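Asker: Pasting a structure below so you can have a look.
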Amino acid sequence: MRKIYLLVLGILLIGGLIYWDARQKNPPPRGRLQVVVSGYVPYTIVKQIAGETVSVRMLLPPGAEPHSFEPTPGALVDLHHADAFIYVSHDLEPWAADLAKVTDAQTHVLELGNSLHPEEDPHVWMNFKKARLMGYQVTALLAEMAPESRKETDQNWFVFEKQLDQLEYDFAQGLSNCRYHEVVHIGHLAFGGLLSPYGIKLTALSGSSHEGEHSAKKLVRLVMQMKARKLPAIFTEESVSARLAQTVAAETGTEILPLYSIEHISKRDFENHLSYDALMRRNLDSLKRGLVCR
Ligand SMILES: [Zn+2]
């Protein structure tokens, strides 16, 4: 086992060195500013505000899970050429915080969630007010890096801010008159910041970082809780095995409804450039249906 591990490590290192060498000889063209982001949350915010004024490269591949990701050697090389490195927080992505320490002196490093109490819940973007502050920080950094594009980025920021206002209003309206006020989630504790402002209680199978296997005991407890309260739906997320969700749904006679954490993005949604707004609107649809809201 150890031999295989060493072999894989060796291949990765050699691959990284070859890649490094190739990129040194052929650095990316210096047209647009190069922004490297940790995962989909900063990716979608930067894309929306920057538009085409910068080029954005995401380190976490679509489908991967941000809490325990291990970056490839190529990530270091991309970072070396970056004008900016933007990530959510050391609480959400300890690996990104490690990368931030080895960036070049001229690379702007922005930890979006730094002042938003990520230690309480690392999923800070789930709260619309905090998402607004994240967007504002991105706008300010872009204005500093590329003042010539300021008119465009300010306009995009204005649109994003309006979308956040509308989301906040629509969530408050849409979830104000529901038969149920409880979400049982066969995933990790990512949605507390989204649900707590509307008095919706969240119980999740895993903790806030997917860490540690959920216990069979906890699963049984959730099934009993659902039966006792006669909840009509269970909520799941894409990083959860579909079979697990189907088993719970069959056991409780409930409907499976998806919630989108945004930190985790499927390949398909990534290719379709689904925005923060679009993913939050899907969340609202699922919640209204599952909680039976009028
Ligand atoms: Zn998470």
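The values are calculated or read from the model by the stated rules, or taken from the named source; none is laboratory data. All of these numbers come straight from a predicted model, not from anything done at the bench. FYI the Cβ positions are ideal-geometry reconstructions off the backbone, even for glycines, and counts take in every protein chain you see.
Asker: Name every residue in region 220-269 that is hydrophobic (A, V, I, L, M, F, W, C), touching a strand residue (DSSP E or B) at 6+ places or on another chain (Cβ under 8 Å) and within 16 Å of the ligand (Cβ to nearest atom), in order of residue number.
Answerer: Matches in region 220-269: Phe235, Leu259.
Asker: Please tell me if Pro122 is part of a loop (DSSP other than H, G, I, E, B), closer than 30 Å to Tyr169 by Cβ and within 16 Å of the ligand (Cβ to nearest atom). It would help to see each step written out before you state the result.
Answerer: Values: part of a loop (DSSP other than H, G, I, E, B): yes; closer than 30 Å to Tyr169 by Cβ: yes; within 16 Å of the ligand (Cβ to nearest atom): yes.
Judged against the criteria, Pro122 is a match.
Asker: Follow-up question, since we're still on this one. For the condition β-branched (Val, Ile, Thr), more than 16 Å from the ligand (Cβ to nearest atom), over 27 Å from Ile256 (Cα atoms) and not in a loop (DSSP other than H, G, I, E, B), what is the one hit in Val184, Val102, Val77? Don't jump to the end; show me each part of the working.
Answerer: Numbers: Val184 fails: over 27 Å from Ile256 (Cα atoms); Val102 fails: not in a loop (DSSP other than H, G, I, E, B).
Exactly one of Val184, Val102, Val77 is β-branched (Val, Ile, Thr), more than 16 Å from the ligand (Cβ to nearest atom), over 27 Å from Ile256 (Cα atoms) and not in a loop (DSSP other than H, G, I, E, B), namely Val77.
Asker: If you take the residues of region 80-99 that are in a helix (DSSP H, G or I) and either more than 14 Å from the ligand (Cβ to nearest atom) or farther than 14 Å from Gly39 by Cβ (or both), which of them is modelled with the lowest pLDDT?
Answerer: At the first step, the residues of region 80-99 found to be in a helix (DSSP H, G or I) are 80, 94-99.
Then drop every residue that is not either more than 14 Å from the ligand (Cβ to nearest atom) or farther than 14 Å from Gly39 by Cβ (or both), which leaves 80, 97-99.
Values: His80: 89, Ala97: 95, Asp98: 94, Leu99: 95.
So, considering only residues that are in a helix (DSSP H, G or I) and either more than 14 Å from the ligand (Cβ to nearest atom) or farther than 14 Å from Gly39 by Cβ (or both), the one modelled with the lowest pLDDT is His80.
Asker: Quick one: would you say Ser286 is touching a residue at least 40 places away in the same chain (Cβ under 8 Å), over 18 Å from Ile186 (Cα atoms) and more than 16 Å from the ligand (Cβ to nearest atom)?
Answerer: Values: touching a residue at least 40 places away in the same chain (Cβ under 8 Å): yes; over 18 Å from Ile186 (Cα atoms): no; more than 16 Å from the ligand (Cβ to nearest atom): yes.
So Ser286 fails the test.
Asker: Check Ser196, Ser241, Ser215, Ser275 and return the single one that is within 30 Å of Asn156 (Cα to Cα), without any contact (Cβ under 8 Å) to a residue 40 or more places away in the chain and small (Gly, Ala, Ser). Before you say what the answer is, go through the steps one by one.
Answerer: Details: Ser241 fails: within 30 Å of Asn156 (Cα to Cα); Ser215 fails: within 30 Å of Asn156 (Cα to Cα); Ser275 fails: without any contact (Cβ under 8 Å) to a residue 40 or more places away in the chain.
None of the other options fit; the residue is Ser196.
Asker: Between Thr107, Thr44, which is away from the ligand (no atom under 16 Å from the Cβ) and not assigned by TED's automatic domain parsing to the domain that holds Asp277? If you could, list the steps in order and put the result at the bottom.
Answerer: Values: Thr44 fails: away from the ligand (no atom under 16 Å from the Cβ).
The unique qualifying residue is Thr107.
Asker: Applying the selection to region 29-66, what residues are surrounded by fewer than 21 Cβ atoms within 10 Å (Cβ to Cβ), touching an Asp or Glu at 6+ places or on another chain (Cβ under 7 Å) and not charged (D, E, K, R)?
Answerer: Scanning region 29-66 gives Leu33, Gly51, Thr53.
Asker: Can you give me the number of residues within region 195-209 that are within 12 Å of the ligand (Cβ to nearest atom) and crowded, with 19+ Cβ neighbours inside 10 Å?
Answerer: Taking region 195-209 first, the residues within 12 Å of the ligand (Cβ to nearest atom) are 204, 206-209.
When the remaining residues are screened for being crowded, with 19+ Cβ neighbours inside 10 Å, the result is 204, 206.
Looking only at that region, the number is 2.
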